[in-house]
Structures are given as structure tokens and as C-alpha cells.
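Participant: Shown below is the structure under consideration.
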Amino acid sequence: MKFFVLVFALLATSSFADEFQNADPIDWSTVKPIVFFRKFWDDKAPELRPQESFFENYERRAKQPNGRIVGGQIAQPHQFPYQVALLTFLPSLNGTGFCGGSLVGTRTVLTAAHCVDGGSHGTSIFGAHFFANANEPNQRRIEFTSAHILMHPSWNPALVQNDVAVIQLPTVVPLIPQVIRAAILPTAEMTYDFAGEDAVASGWGVFSSDNPVVSDVLRYVYDNIITIPQCTLSTIGIAGPNNICMTGTQNRGVCNGDSGGPLTVRRSDASMHVGIASFVVASCHNTLPSVFVRTTSFLDWIGANTV
């Protein structure tokens, strides 16, 4: 029997971190793709829950190398200076999930709600290319707790609606020219849908659902933004006006590990943040759209909670 499943872009892995475990306080052996925790699906609509083979396949393949954002290419170090890596411990799953995020203030990270929902504590990583290497030049890490996490009040995990959260870090992020800086957000008067524009998504996500391993270095993928009606149709009505979608032509898009990360378009030779990676339909490796939260739909809330 066929089933419909959303693949959340949240993932973590321990497959490549052994080299750094002596120098790194993070216990990478406890980190696991959140979508492969069976309990993660308990508060989702029953029709979205994957079949048992989904979990079994991960358990067979999780230690294989060479994961990457689907259809993407390796970024230059610091090509995306607003990019953040997030590791959040989720007590209900007894594991740590890995996500992306964007620096949007002096100590505020914008990410997806499903990345941090129920999180007790975590680590935010800035200026990273190979994020598991604690000795990487210019890499900065800041710890946070549940007290620093703010979920959008209308976040609905069952329907994947209003998938937005911010982390108000306890200390200011050390900005470094060309290495660490805040993302440029749209202005309130930007009410158009960006359809037809080229967009870029970045993250450490995996290659495909069949090879669920996080990338060792930051990667990116580009494609066109499609209209809201096109996106709604392609996602069987799940995506709506508060989402923005990138077409999945030639199997390009986000996957597990990219959740919370940025979608940007070019404005005046700069990258402008227009979306937060949320989910893909059925599997990562297909031609269906990647679905993001539409930044312009939440500007007031983001602005009110940015410090």
C-alpha cells in the first residue's frame, strides 16, 4: 500500500566525527536523525507516519559516508556567513537532533520549530564549514537551554503549520567580517511571492533517503521558486500561503539535516532571507518541491523576538 510521508529536514549523525571526539566536548555518538526516532511521529497526523521499512533502512545505512544536500555542490568556506548549525537535545526522543539556522540578530538564531520543539539544551555553531571540527579556524560555539527557545505560538506539529522558532542566545555572537554576520531579512512592504526567481538553500543535509548521512562540509543547491498554487498542488494541500517552495527539478532540494536553514534570493548583490527549510514530500530524492516557511509571513513575530 502506498503512503504519503513528509520528510523533515532535521538530521544528525556520528558517522564522520570520530576523528574529533578527543578534542570536542560534543558526544557525537548520541546524535541521530530525528525523523528516524519512531517517537518523533507520535504527534503527527497518522497518515504522515512512515512505514516500518523507513526506520529499518536507516538503521542499515546510517554509517555510510558521503551525504550531502540533494543535487548540491560544496560551498566555499564562509560563503554563507549567516549559516548556523544547531544541535538540540530532545529528552522525549533521548537523542540529539541536528538542524540548520540563520543568524538574524546579535544573539538570535532563526530556525524551524520542529528542530527545537521540546529541546532541553543545545549548541549553536557559527562560522563553520566542517562543523564537527571544533578546531576549525573562526568557528564559534554558544550553548543554549530551553529557556532561550521561543516557539511560534501557532506552531502545529500535526499539520506542520507555522514551523518557526527563534533561539535567543545567552551571549552575543562574535561577528567576524566575511565569516560571521546576520542575514538580511525582507522588509514589510515586500508582499510579492518571489515566484520565478532563482533561490539558494544551504546546509549539511543528506544525499537521499536511501543514504541518510549528513555532509561533512557545508553545501548548497539552487533552483527556481514556484507559485503558491503550484506548491499547494504538489504537496496535496499541506503547503499554503505561509510557505514558499523551491521546485525539485533534476532532484535538487533540501533533505534531512537542512531543516531550519535559509532559503535566499539575490537583492543588490546580497543574499536576502526568504525561507526557512521545513519539509519535503515522500522522499528527498525526487522532483517534488522543497517546502520552506515564508519569511515575509512572520516578519512581525521575528522582529518582536530578535535581540
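The values are calculated or read from the model by the stated rules, or taken from the named source; none is laboratory data. These numbers come from a predicted model, not from an experiment. Counting neighbours? That spans all protein chains shown, and the Cβs are built from the backbone with ideal geometry, glycine included.
Participant: Which residues, taken from the range 275-292, are among the polar types (S, T, N, Q), modelled with pLDDT of 70 or more and surrounded by fewer than 24 Cβ atoms within 10 Å (Cβ to Cβ)?
Facilitator: Selection gives Thr287 alone.
Participant: When only residues in the range 228-274 that are within 22 Å of Val214 (Cβ to Cβ) and of a type in the set (Val, Ile, Thr) count, which is surrounded by the fewest Cβ atoms within 10 Å (Cβ to Cβ)?
Facilitator: The residue in question is Thr264.
Participant: Turning to a different aspect of this structure: Which pairs have Cβ atoms under 6 Å, sit 6 or more apart or on different chains, and link a residue in the range 226-248 that is among the hydrophobic types (A, V, I, L, M, F, W, C) to one that is assigned to a helix (DSSP H, G or I)?
Facilitator: Here the result reads Ala239/Cys231; Ala239/Thr232; Cys245/Cys231, each pair linking the range 226-248 to a residue that is assigned to a helix (DSSP H, G or I).
Participant: Condition first: more than 17 Å from Val214 (Cβ to Cβ) and at pLDDT 95 or above. Now tell me which residues in the range 90-109 satisfy that.
Facilitator: Listed by number, the residues that qualify are Ser102, Leu103, Val104, Gly105, Thr106, Arg107, Thr108, Val109.
Participant: So which residues in the range 80-135 are closer than 16 Å to His273 by Cα, part of a loop (DSSP other than H, G, I, E, B) and in contact with a His (Cβ under 8 Å, 6 or more places away or on another chain)?
Facilitator: Those that are closer than 16 Å to His273 by Cα, part of a loop (DSSP other than H, G, I, E, B) and in contact with a His (Cβ under 8 Å, 6 or more places away or on another chain): Tyr82, Val104.
Participant: Please work out which residue is surrounded by the fewest Cβ atoms within 10 Å (Cβ to Cβ), limiting yourself to the range 158-182 and to residues that are aliphatic (A, V, I, L, M) and over 30 Å from Thr232 (Cα atoms). Quick ask: steps written out before the conclusion?
Facilitator: Keep residues of the range 158-182 that are aliphatic (A, V, I, L, M), which gives 158-160, 164-167, 169, 172-173, 175-176, 179-180, 182.
Now restrict to residues that are over 30 Å from Thr232 (Cα atoms): 169, 172-173, 175-176, 179-180, 182.
Numbers: Leu169: 20, Val172: 11, Val173: 21, Leu175: 15, Ile176: 14, Val179: 17, Ile180: 21, Ala182: 19.
Out of the qualifying residues, it is Val172.
Participant: Of everything in the range 176-209, what is assigned to a loop (DSSP other than H, G, I, E, B), under 23 Å from Phe144 (Cα atoms) and touching a Leu at 6+ places or on another chain (Cβ under 9 Å)? Give them in sequence order.
Facilitator: Arg181, Ala182, Ala183, Trp204, Gly205
Participant: So, one more: Here is a list of conditions, (1) buried (at least 18 other Cβ atoms within 10 Å of the Cβ); (2) touching a residue at least 40 places away in the same chain (Cβ under 8 Å); (3) not in a loop (DSSP other than H, G, I, E, B), and Ile142 meets all of them except one; can you say which number that is?
Facilitator: Ile142 satisfies all of (1) buried (at least 18 other Cβ atoms within 10 Å of the Cβ); (2) touching a residue at least 40 places away in the same chain (Cβ under 8 Å); (3) not in a loop (DSSP other than H, G, I, E, B) except (2).
Participant: Select from the range 184-200 the residues that are of a type in the set (Val, Ile, Thr) and modelled with pLDDT of 85 or more and write down the one among them that is surrounded by the most Cβ atoms within 10 Å (Cβ to Cβ).
Facilitator: Step by step, filter the range 184-200, then rank; the result is Val200.
Participant: Turning to a different aspect of this structure: Just one of the numbered conditions (1) more than 19 Å from Lys39 (Cα to Cα); (2) hydroxyl-bearing (Ser, Thr, Tyr); (3) over 16 Å from the mean Cα position of the chain (by Cα) is not true of Ser92; which one?
Facilitator: (1)
Participant: May I pose another question? Restricting to the range 201-224, give me the number of residues that are surrounded by fewer than 24 Cβ atoms within 10 Å (Cβ to Cβ), at pLDDT 85 or above and closer than 19 Å to Val281 by Cα.
Facilitator: 3
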